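Just so it is clear, none of the values below were taken in a lab; they were calculated from the coordinates. Please read these numbers as outputs of a predicted model, since none were measured by experiment. Please note: Cβ atoms are built from the backbone with ideal geometry, for glycine as well, and neighbour counts cover all protein chains shown.
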Amino acid sequence: MNKLLQMIVFTVLTTSIYMVNNPKSASAEVVVVHANQAWQLTDIILKKNHIITWKVGEDDYWSFNTTIFPDGHNADGIPVPALESYTLPGENIGMLLGKTGQDRIMSMGLSGSEDVLYGEEGCYLYLSMNDDLIGKFGVGFKDNYGEILVTVIQTPMSVVGK
Ligand SMILES: [Ca+2]
């Protein structure tokens with residue numbers, strides 16, 4: 001009976017320690033991403049053995065073309081695949097994208113998560129809209145408007161259970 005009580009006390013204690021420590025082990029940062037600049041350097045440094053999670057408000061609008069979309073669109077962009085000269089060909093035009101070390105480009109959009117891979121720890125995170133980098137089919141980033149707020153959280157893989 002005594003052992004059982006000890007186990008219960010131990011479980012309650014460790015659970016509460018875990019819950020208290022958890023918010024500290026995951027770091028959240030909010031960064032502004034401008035529609036009219038390709039690959040913006042953030043102050044987010046990728047951490048080893050972490051998972052990066054992001055979220056953008058659904059009604060946080062920017063625009064890749066103020067003539068066609070004067071009211072803008074959200075971080076998912078529009079369901080039209082980008083062409084060869086875009087930041088990420090084949091992905092939605094106007095979508096939020098990320099770039100890590102070793103030039104790995106991530107489709108981000110409104111929300112999602114990715115593992116920080118081996119060799120990417122210590123690298124800065126870059127963010128960009130998916131638009132025409134060289135202005136091959138128009139004026140590229142020059143006719144873009146607005147900015148969005150991206151919340152980025154890095155959580156240790158041990159906390160997520162991976
Ligand atoms: Ca544009």
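Summary of computed values
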{"item": "Residue count, the stretch 128-150 (criterion: in a strand (DSSP E or B), within 16 Å of the ligand (Cβ to nearest atom) and crowded, with 19+ Cβ neighbours inside 10 Å)", "result": "4"}
{"item": "Residue count, the stretch 24-63 (criterion: in contact with a helix residue (DSSP H, G or I) (Cβ under 8 Å, 6 or more places away or on another chain) and under 20 Å from I134 (Cα atoms))", "result": "4"}
{"item": "All positions within the stretch 110-127 that are under 14 Å from G77 (Cβ atoms) and surrounded by fewer than 19 Cβ atoms within 10 Å (Cβ to Cβ)", "result": "L110, S111, G112"}
{"item": "Residue among T100, T66, T87 that is touching a residue at least 12 places away in the same chain (Cβ under 8 Å), among the β-branched types (V, I, T), touching an Asp or Glu at 6+ places or on another chain (Cβ under 7 Å) and surrounded by fewer than 20 Cβ atoms within 10 Å (Cβ to Cβ)", "result": "T66"}
